[in-house]
1. Cα centroid distance between region 10-71 and region 122-185, in Å?
2. With respect to the cross-link table entries K101/K174; K93/K178; K149/K183; K93/K116, which display a Cα-Cα separation exceeding 24 Å?
3. Any chance you could run the full-extension gain for A1 through L87? It's 0.36 nm times the residue separation minus the Cα-Cα distance, nm to one decimal.
4. For the chain, what % of the accessible area comes from carbon and sulfur atoms, probe 1.4 Å?
5. Expressed in whole Å with the largest first, what are the equivalent ellipsoid semi-axes of the chain derived from the C-alpha gyration tensor as the square root of 5 times each eigenvalue?
6. In Å², and per residue, what accessible area does region 1-91 have when probed at 1.4 Å with the other protein chains present?
7. Which whole DSSP H helices in the chain pass both tests: a Cα extent of 15 Å or more along the axis and a mean Kyte-Doolittle value no lower than -0.5?
8. Quick one: which of 106-115, 133-142 comes out on top by average Cβ neighbours within 10 Å, and what's the full order, highest first?
Amino acid sequence: AVSCLASHQFYSDQPEIALRYYRRLLQMGVQTAELWNNLGLCCFHSGQYDMCLTCFERALQLSQDDTTADVWYNISHLAIGIGDLGLAYQALKISVAADSKHAHAYNNLAVLELKKGNVDAARSGFGQSHTLNPFAFEAPFNLSLLCFKLGEFQESFEVVKKSLECYPEHSESKELLKTLEQKFT
């Protein structure tokens with residue numbers, strides 16, 4: 001029940017309150033990779049950067065095969081947040097090496113590949129992410145945006161519709177679809 005309260009507070013943009021609940025779990029003797037991973041995220045989102053790496057380090061020490069990829073994925077978020085894209089790239093590579101079905105890691109890795117100018121690798125990563133998780137809207141939206149910027153309007157149109165099937169209220173997908181429809185008329 002305490003972890004549910006912590007999770008609720010975290011997703012209600014109250015990471016400081018969530019941190020209190022997670023620390024209470026530590027006081028109760030709970031020692032899991034998931035707990036330390038969540039503590040790291042709470043520290044990051046509440047601006048306690050000095051504690052983030054310590055928490056993620058402890059999460060890695062306790063992690064099993066099923067949690068290692070998630071810890072590295074969250075380390076990539078920390079790295080992006082502090083502006084270390086090299087560390088973020090490495091963390092995402094480790095994440096997909098630990099779990100070859102980690103769709104969100106493939107999507108974020110594709111974004112970083114695109115930032116490096118590797119269009120083909122980005123396209124492949126977005127495709128892989130969408131194949132692994134066809135219910136997430138991020139990868140098809142990112143691929144659609146990439147196709148739009150490359151002037152591949154028909155493919156962009158087809159892919160943005162997939163994004164809107166996953167998340168009909170996504171404002172940026174709706175805006176891109178509207179722009180594409182205007183180009184076709």
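1. With region 10-71 and region 122-185 each reduced to a Cα centre, they are spaced 33 Å.
2. K101/K174; K93/K178
3. Working: separation 86, 0.36 × 86 = 30.96 nm, distance 3.48 nm.
Going from the current span to full extension adds 27.5 nm.
4. On the way: 5370 of 10290 Å².
Taking all protein chains in place, the chain shows 52 percent carbon and sulfur surface.
5. Values: eigenvalues 238, 66, 38 Å².
Output for the chain: semi-axes of 34, 18, 14 Å.
6. 56 Å²
7. Result, helices passing both filters: 33-45, 49-62, 65-82, 85-98, 103-115, 119-132, 138-149, 153-166.
8. The most tightly packed comes first, giving 106-115, 133-142.
The values are calculated or read from the model by the stated rules, or taken from the named source; none is laboratory data. Just so you know, these numbers come straight off a predicted model, no measurement behind them. A quick note on method: Cβ atoms are made from the backbone with ideal geometry, for glycine too, and the neighbour counts reach across all protein chains shown. With ligands, DNA and RNA removed, areas are computed over all heavy atoms of the protein, side chains included. Shrake-Rupley method; radii C 1.70, N 1.55, O 1.52, S 1.80 Å.
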